[in-house]
Amino acid sequence: MQEKGRSPKKGSSEDGPAYVAPALEKGLDILELMCRSDVPLGQKDIAKRLGRSVSEIYRMITCLIDRGYLVATDDKYHVTTKLFELAHLNPPMHRLLVAATPIMQKLSSDIDQACHLSVFNLGRQVVIAKVDNPSGMGFSLRIGAELDVIVSASGRVLLAFQDDETRQMRIEESVRRRPDHADTQILTVLDTIRARGFESIPSVQVRGLYAVSFPILNTQGRAIAALTVPYAERIDQVHRKPISMVEEQLALAAKDLTVRVGGAANRSV
């Protein structure tokens, strides 16, 4: 008996798909085509390659743009990193958060500073975990805070430890969100960070704050997150921790977390 409310797929075999969703299939066809393409494509190009008319794909493209899967530049379209980010949300992201909590708590206690974990998302980075300074004094960010990418230590780390294609795509997404952050020297800066293994710079937003950030790497040596300490020097402490110690302890914590999530601790792209 045919299930009420559904139509069998015309011409389907017994082992094949029993039902069709034309609109969904059309959208998936577009996404798969765009993911395989090395260059941005216009509507006519997409329609031709899929054997459809422009009118058939127009609404689908508009929907994919609205949902953040595609972006338009000069009447051509290319995929964003949203699919990549969704693929890493669950369960890998859950595993990352579970593994990060005790490591971040120990790090914060050892260096007497706050720390946070952030990931790249559509031209910005989002804080997904944080531990406050155990002394109750210092600078920290709230979970869910959105941060700029190109001008921050953590954002640069998330860009530096990627393959060239992903790096360029993320730079373009970040500049579209913040055109004033465009930097002709950014590729040189990122190469330097990748060679050094981390970034350590004065904050461009808070005077007197120093940001130190290390990547959390996956099995390919690409950054899936950035572990960062917003270092604020305590002038009332006789035995305050120098930034060099913070860099050493943060390096160990990042390596430990990378290993715990199954990443390549001694390998980068």
Residue set 157, 189; condition surrounded by 15 or more Cβ atoms within 10 Å (Cβ to Cβ) and more than 21 Å from residue 126 (Cα to Cα); output residue 189
So for segment 163-181 (the condition being within 15 Å of the chain's Cα centre (by Cα) and not in a helix (DSSP H, G or I)), does at least one residue qualify? yes
If we scan segment 202-214, do we find a residue that is out of contact with any Asp or Glu (no Cβ under 6 Å at 6 or more places or on another chain) and over 15 Å from residue 152 (Cα atoms)? no
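Being outside any loop (DSSP other than H, G, I, E, B), more than 11 Å from the chain's Cα centre (by Cα) and closer than 18 Å to residue 258 by Cβ is the requirement here; does residue 65 meet it? Spell out the reasoning first.
Details: outside any loop (DSSP other than H, G, I, E, B): yes; more than 11 Å from the chain's Cα centre (by Cα): yes; closer than 18 Å to residue 258 by Cβ: no.
It is false that residue 65 is outside any loop (DSSP other than H, G, I, E, B), more than 11 Å from the chain's Cα centre (by Cα) and closer than 18 Å to residue 258 by Cβ.
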If I go through segment 197-215 residue by residue, how many of them are among the aliphatic types (A, V, I, L, M) and out of contact with any Pro (no Cβ under 6 Å at 6 or more places or on another chain)? 4
Restricting attention to segment 201-216, does a residue exist that is part of a helix (DSSP H, G or I), under 18 Å from the mean Cα position of the chain (by Cα) and not hydroxyl-bearing (Ser, Thr, Tyr)? no
Please verify whether residue 131 is under 19 Å from residue 190 (Cα atoms), in contact with a helix residue (DSSP H, G or I) (Cβ under 7 Å, 6 or more places away or on another chain) and either buried (at least 21 other Cβ atoms within 10 Å of the Cβ) or of a type outside the set (Gly, Ala, Ser) (or both), treating the condition exactly as stated. no
Would you confirm, using the coordinates I've provided, whether residue 129 is touching a strand residue (DSSP E or B) at 6+ places or on another chain (Cβ under 8 Å) and in the same structural domain as residue 233 (by TED's automatic domain parsing)? yes
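For segment 10-28, what are the residues that are modelled with pLDDT under 50 and basic (Lys, Arg)? If you could, list the steps in order and put the result at the bottom.
Our first condition is that a residue be modelled with pLDDT under 50; within segment 10-28, this holds for 10-14.
Across segment 10-28, the qualifying residue is only 10.
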Part of a loop (DSSP other than H, G, I, E, B), under 30 Å from residue 232 (Cα atoms) and among the acidic types (Asp, Glu) - does that describe any residue in segment 71-81? no
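Here is a yes/no grid of residues against (1) touching a residue at least 60 places away in the same chain (Cβ under 8 Å); (2) within 21 Å of residue 227 (Cβ to Cβ):
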| residue | (1), (2) |
| --- | --- |
| 164 | no, no |
| 173 | yes, no |
| 183 | no, no |
| 186 | no, no |
| 189 | no, yes |
| 195 | no, yes |
| 201 | no, yes |
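The values are calculated or read from the model by the stated rules, or taken from the named source; none is laboratory data. This one's a predicted model, so the numbers in the text were calculated from it and none came from an experiment. Virtual Cβ from ideal backbone geometry, glycine too; neighbours counted across all protein chains shown.
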